[in-house]
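Comments concern the structure below.
Nothing in this text is a laboratory measurement; each read-out follows from the coordinates by a stated rule. These figures come from a predicted structure and were not determined experimentally. As a convention, Cβ positions derive from the backbone with ideal geometry for all residues, glycine included, and neighbour counts pool all protein chains shown.
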Amino acid sequence: GHRLRTKIYVAWLDTTLRLEAKGRKLDLEPTADGIRANFVEPNGDVSHKSVHLNTDPAELIRDWLG
């Protein structure tokens, strides 16, 4: 596959871990059912996905940055 080189900005916002790159945000927040990923597009559209720690992290990055 192709490799993507980009700067990823990381910040803690209370209990949420925010990753930001290329105008897109990925907020990882704990819930009673596990971890919820909130994908925020540059136009403000938001989508959600449950994240399991035993899955391939590359899948999460592909979902976030495409």
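Subtracting the Cα-Cα distance from 0.36 nm times the residue separation, let me have the gained length for R24 to L4 in nm, one decimal.
Between R24 and L4, full extension yields an extra 5.8 nm.
Based on C-alpha pairs under 8 angstrom that are at least 6 apart in sequence, the chain has a relative contact order of 20 percent.
For the chain, the dipole from Cβ point charges (+1 on Lys and Arg, -1 on Asp and Glu) about the Cα centre works out to 400 debye, to the nearest 20. The candidate values were (i) 4.2; (ii) 5.0; (iii) 5.9; the one computed from these coordinates for mean projected area of the Cα convex hull in nm² carries the label (ii).
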